[in-house]
Amino acid sequence: MSLPRNQPRCGVCTSKLVKNGKTSAGRTRWRCKHCGASTTKSRTDITRKAEFDAFQHWLAGTQAQGGYTIPRRTFRHRIRWCWNVAPALTPTGEVHDQIMLDGTYFNGWCVLIAFTGRHVINWQYTDAEKRASWTALLEHIPAPKAAIVDGNGPLQTIVKKLWPTTRIQRCFFHIRQRGNTHLTRNPTLPANKELLALYKALMDVRALDKAAAWTAAFASWEAKWQSFLKHRTYAEKSTIRPAHVSPNQQWWYTHIRTRRAWKLLANLIRDDELFTWLKLAEDGVIISRTTNPLEGGPNKAIKDFLRAHRGLSAPHAVTAITWLLYHRTEHPKDAWQFVKPTDWAEPNKRRIPPRTDTGRSETNALYGTSFSVEDGTGIRKGWGGRSG
């Protein structure tokens, strides 16, 4: 009977091994008939795949490293090569009805995400939300019918530049949040109370006729408080300058927070970015009026992961977030397809020879570095506390 072609060989005498039962762990034991050596064999690719699967399972959940059956340090040692693997995203060129755009910060980094409301399209790492980073993200994505944004200035500039035909919808949640910032939740001035009521009523607008009524109410508020918005404070010796006023400024608007809340809504109406979702619905295009699916989807997953796995270095956090976002794309591939044998190869450790010269140079010149009987540092034997 001939032996299989993949029959393992002995590491001592290179003879072929034969099966010799199983170990207590259930693995096949091999024995050499020539020298009697016994061993077990394992396939590196199967072992590495099991380690990579454990790594992916850990990334997908909130379980701590110490929550597995093996010790925490052993788990970190086994998956250390997995940090070398990162997925590659291939653009599909599909044109979407809507794309939500937002950035979230972590470990000194910021990741910009493009989200359709169901799956992630692309992402970009940067240090802050700026024009260059938004350009790098959007230039590879075909222009959608609508972009839902949170009001970031550089983002809107790049959207209008790269996607000139795309309609912009400002997120209602961020509009309301900005209104609370300017007016507070409990304003005291009558003008601020009425304007805050308009901010609250905006959330209930769900039809074009109600949108027209709300716009008319806002115009009435503008006409009523027009002179109030133009109140000025002139610089005098006893006048306290607000933080936003420059040292050489001679006057400034008295009710600056009211003006900011007013200008926010006025600019949205002027640029036609407030009720885009209602106007597109008339043409059969259904889009969201907030970025909540993005905030509660990928952004929340990132925050939950970092909260559960505190202490990750910045490079490891970037790799982990890349995998989290990749698994939220429309058709993610099997993660094992991105692994190459070179990823799990152990690096060659360079042996550092011991230094022959230790201490200060003048000391080495006078006394040397070897043991000496005269100075009492020779090699001794026996127990130090023993007499005789």
Checklist entry - In the stretch 298-321, how many residues are open to solvent by less than 50 Å² (accessible area, probe 1.4 Å) and touching a helix residue (DSSP H, G or I) at 6+ places or on another chain (Cβ under 9 Å)? => result 11
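Consider residue 216 carefully, then state whether it is in the same structural domain as residue 282 (by the TED database), at pLDDT 95 or above, surrounded by fewer than 12 Cβ atoms within 10 Å (Cβ to Cβ) and assigned to a helix (DSSP H, G or I). Reasoning before the result, please.
Values: in the same structural domain as residue 282 (by the TED database): yes; at pLDDT 95 or above: yes; surrounded by fewer than 12 Cβ atoms within 10 Å (Cβ to Cβ): yes; assigned to a helix (DSSP H, G or I): yes.
Judged against the criteria, residue 216 is a match.
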Checklist outcome for this item: Result of the Cβ filter at 8 Å on the stretch 9-35, keeping first residues that are closer than 17 Å to residue 46 by Cβ and partners that are open to solvent by 100 Å² or more (accessible area, probe 1.4 Å) and part of a strand (DSSP E or B), at least 6 apart or interchain, is 28/19; 28/22; 30/19
Checklist entry - In the stretch 322-342, what count of residues is obtained for those that are surrounded by 12 or more Cβ atoms within 10 Å (Cβ to Cβ) and part of a helix (DSSP H, G or I)? => result 8
Checklist outcome for this item: Quick count over the stretch 180-200, residues being in a helix (DSSP H, G or I) and open to solvent by 40 Å² or more (accessible area, probe 1.4 Å), is 6
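Conditions tested, residue by residue: (1) polar (S, T, N, Q); (2) touching a Leu at 6+ places or on another chain (Cβ under 8 Å); (3) outside any loop (DSSP other than H, G, I, E, B); (4) open to solvent by 20 Å² or more (accessible area, probe 1.4 Å).
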position: 142; (1), (2), (3), (4): no, no, no, yes
position: 147; (1), (2), (3), (4): no, yes, yes, no
position: 161; (1), (2), (3), (4): no, no, yes, yes
position: 165; (1), (2), (3), (4): yes, no, no, yes
position: 175; (1), (2), (3), (4): no, yes, yes, no
position: 178; (1), (2), (3), (4): no, yes, yes, yes
Item to check | Lone unmet requirement of (1) crowded, with 17+ Cβ neighbours inside 10 Å; (2) without any contact (Cβ under 8 Å) to a residue 12 or more places away in the chain for residue 259 | outcome: (2)
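Are any of the residues in the stretch 74-82 hydroxyl-bearing (Ser, Thr, Tyr), surrounded by 14 or more Cβ atoms within 10 Å (Cβ to Cβ) and out of contact with any Phe, Trp or Tyr (no Cβ under 8 Å at 6 or more places or on another chain)?
Looking only at the stretch 74-82, we keep the residues that are hydroxyl-bearing (Ser, Thr, Tyr), and these are 74.
Next, only the ones that are surrounded by 14 or more Cβ atoms within 10 Å (Cβ to Cβ) stay: none.
Checked the stretch 74-82: no residue is hydroxyl-bearing (Ser, Thr, Tyr), surrounded by 14 or more Cβ atoms within 10 Å (Cβ to Cβ) and out of contact with any Phe, Trp or Tyr (no Cβ under 8 Å at 6 or more places or on another chain).
Condition first: among the aliphatic types (A, V, I, L, M), surrounded by 18 or more Cβ atoms within 10 Å (Cβ to Cβ) and in contact with a Gly (Cβ under 6 Å, 6 or more places away or on another chain). Can you find one or more residues in the stretch 93-113 that meet it?
Filtering the stretch 93-113 down to residues among the aliphatic types (A, V, I, L, M) leaves 95, 99-101, 111-113.
Then keep just the ones that are surrounded by 18 or more Cβ atoms within 10 Å (Cβ to Cβ); that gives 99-101, 111-113.
Among the residues that remain, those that are also in contact with a Gly (Cβ under 6 Å, 6 or more places away or on another chain) are: 112.
There is at least one residue in the stretch 93-113 that is among the aliphatic types (A, V, I, L, M), surrounded by 18 or more Cβ atoms within 10 Å (Cβ to Cβ) and in contact with a Gly (Cβ under 6 Å, 6 or more places away or on another chain).
Just checking, which of 238, 288 is part of a loop (DSSP other than H, G, I, E, B), among the small types (Gly, Ala, Ser) and open to solvent by less than 80 Å² (accessible area, probe 1.4 Å)? Reasoning before the result, please.
Numbers: 238 fails: open to solvent by less than 80 Å² (accessible area, probe 1.4 Å).
Among 238, 288, only 288 is part of a loop (DSSP other than H, G, I, E, B), among the small types (Gly, Ala, Ser) and open to solvent by less than 80 Å² (accessible area, probe 1.4 Å).
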Next on the checklist: List the strands (runs of 3 or more DSSP E) inside the stretch 21-135, counting only whole elements, that have at least 1 residues being modelled with pLDDT of 90 or more and among the hydroxyl-bearing types (Ser, Thr, Tyr).
Outcome noted: 98-106, 120-126
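The values are calculated or read from the model by the stated rules, or taken from the named source; none is laboratory data. Everything quoted here is computed from the prediction, not taken from an experiment. Quick reminder, even Gly has a Cβ in these numbers, built from the backbone with ideal geometry, and neighbours come from all protein chains shown. What goes into the accessible areas is simple: the full protein's heavy atoms, side chains included, and nothing from ligands, DNA or RNA. Shrake-Rupley method; radii C 1.70, N 1.55, O 1.52, S 1.80 Å.
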